[in-house]
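J.: Here it is, the structure, as structure tokens.
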Amino acid sequence: LSTGAVDGKFDGEVPFVFQMYGLAGGAGHTYETYESFATYADAFVNDALKEQKGALGPEAAVALNVWMYAAHVLTIAVEDCALESSGVNLDIIGRDEALGGSADALEIFIAFWIGYNQAPGSDDGSSPYAMAERAATLFGTSGPNGEAKANAAIKSLFNEAQQVLSFPNACRPGSDTVGQLWGILHRTVSQMQVPLVQQLIDALVREDQDRISLYAKAVVPQMSSCAASTYRRLKEDLLDRTYDPTKFVDVL
């Protein structure tokens, strides 16, 4: 799910671009520098497994590998629509055989996010959905039906995207489908980041250095798209050195 980044599979995709930019330290780096960070997820999971750190490896696989791959597939949904809107035949150009256009990519995204046989509102499982449910329990951010608000929002945005693609002129030249899907993509990624931030804060409170390292690697690079000063401070405190618990208030 993550090593394809080395071959350029995620090139140009917004979440991955900011991940590389943030891991590399922001502006002033060449593309070759970014490439050296492309296996960040694979490396973290392998290290956790080799060091026999219990559940950390599988947990990292969800937060880093599956999370970014889900964002990748969601981006493919927009890219395929953009290609079709330009009059391109996806079959002729040989797009990834596992993705049969925007609608299929959306289905694959939600399958990766929710996982197999996942009960609504249940945190029993190893999918990003279950991770979000556990995070919502920690922070009291479940909705009235007991489901994490982030998960409910992601499902709602998935339905919105499906509706956009259901119109007869969807992804046809002259339609505004691409713009609508682009907006849905960014709103969805924002909701996908909620459980990562919650898990990071929980790890800071518990002073769990392993999980601080995990969730900081997932969250802090994405903040390179926000205020540069905030990103640099958090990178210094959470990625460049071992977290100092006396700085909790500042980091929070």
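The values are calculated or read from the model by the stated rules, or taken from the named source; none is laboratory data. This one's a predicted model, so the numbers in the text were calculated from it and none came from an experiment. Cβ atoms come from the backbone with ideal geometry, glycine included; neighbour counts cover every protein chain shown. All accessible areas refer to the heavy atoms of the entire protein, side chains included, with ligands and DNA or RNA removed. Shrake-Rupley method; radii C 1.70, N 1.55, O 1.52, S 1.80 Å.
J.: Counting only heavy atoms of protein chains, what accessible area per residue, in Å², does the chain have with a probe of 1.4 Å? All intermediate terms of the calculation are to be shown ahead of the outcome.
T.: Numbers: 12260 Å² over 252 residues.
I get 49 Å² per residue for this part.
J.: Related question: Using Cα springs under 10 Å in a Gaussian network model of the chain, which residue among Ala48, Ala70, Ala61 shows the largest mean-square fluctuation?
T.: Comparing Ala48, Ala70, Ala61 in a Gaussian network model of the chain, the most mobile one is Ala48.
J.: Quick check: net charge around Arg187, other residues with Cβ under 15 Å of its Cβ, Lys/Arg +1 and Asp/Glu -1?
T.: My count for the surroundings of Arg187 gives +1.
J.: Name the lysines eligible as straight-distance cross-link partners of Lys235: C-alpha to C-alpha under 18 Å, and not fewer than 8 places from it in the same chain.
T.: Lys217, Lys247
J.: For the pair Asp210 and Val88, what calculated FRET efficiency results from E = 1/(1 + (r/R0)^6), where r is the Cβ-Cβ distance and R0 = 41 Å, to the nearest 0.05? Spell out each step's value before the answer.
T.: Working: r = 45 Å, r/R0 = 1.11.
Efficiency, rounded to the nearest 0.05: 0.35.
J.: Work out how much length Leu138 to Arg187 would gain on full extension: take 0.36 nm times their residue separation and subtract the Cα-Cα distance, in nm to one decimal.
T.: Values: separation 49, 0.36 × 49 = 17.64 nm, distance 2.29 nm.
Gain in length upon complete extension: 15.4 nm.
J.: Right, something else. Quick one: among Gly183, Gly101, Gly121, which has the greatest mean-square fluctuation in a GNM of the chain with alpha-carbon springs under 10 angstrom?
T.: Its mean-square fluctuation being the largest, the pick is Gly183.
J.: Kindly point out, ordered by number, any Cys in the chain whose beta-carbon has no other cysteine beta-carbon under 4.7 Å away.
T.: Cys226
J.: When the accessible area of the chain is split by element with a 1.4 Å probe, what percent falls to carbon and sulfur?
T.: Working: 6450 of 12260 Å².
Answer for the chain: carbon and sulfur cover 53 percent of the accessible area.
J.: Please tell me the relative contact order of segment 135-222 in percent, rounded to the nearest whole number, where contacts are Cα pairs under 8 Å and at least six residues apart.
T.: Details: 59 pairs, mean separation 23.9, N = 88.
Worked out over segment 135-222, it gives 27 percent.
J.: I've got another one for you. What residue among Gln52, Gln193, Gln209 shows peak mean-square fluctuation when the chain is described by a Gaussian network model with Cα springs under 10 Å?
T.: The residue with the greatest mean-square fluctuation here is Gln52.
J.: Something else about it: Could you pull out the chymotrypsin sites (Phe, Trp or Tyr not before Pro) across segment 181-252 that fall in loop regions by DSSP (anything but H, G, I, E, B) with no more than 12 other Cβ atoms inside 10 Å?
T.: Numbers: sites: Trp182, Tyr215, Tyr231, Tyr243, Phe248; in loops: Tyr243.
When the chymotrypsin sites (Phe, Trp or Tyr not before Pro) of segment 181-252 are filtered for loop state and at most 12 Cβ neighbours within 10 Å, nothing remains.
J.: For the chain, what's the relative contact order in percent, using C-alpha pairs closer than 8 Å and at least 6 residues apart? Can you show the working numbers first?
T.: Details: 299 pairs, mean separation 48.6, N = 252.
In percent, rounded to a whole number, it is 19.
J.: Quick one: length gained pulling Leu49 to Asp124 fully straight, 0.36 nm per residue minus the C-alpha distance?
T.: So the extension gain works out to 24.8 nm.
J.: Using only DSSP helix segments of four residues or longer, with each worth -39500 (n - 2.57), what per-residue ellipticity at 222 nm results for the chain after dividing by its residue count and rounding to 500? If you can, show how the numbers build up before the last one.
T.: Numbers: 13 runs with 149 residues, N = 252.
Rounded to the nearest 500, the figure is -18000 deg cm²/dmol.
J.: When Lys and Arg each count +1 and Asp and Glu each count -1, what net charge do the other residues less than 14 Å away from Asp237, Cβ to Cβ, add up to? The partial results should precede the final answer.
T.: Details: positive: Lys217, Arg232, Arg233, Lys235, Arg241, Lys247; negative: Glu207, Glu236, Asp240, Asp244, Asp250.
Here the charged neighbours net out to +1.
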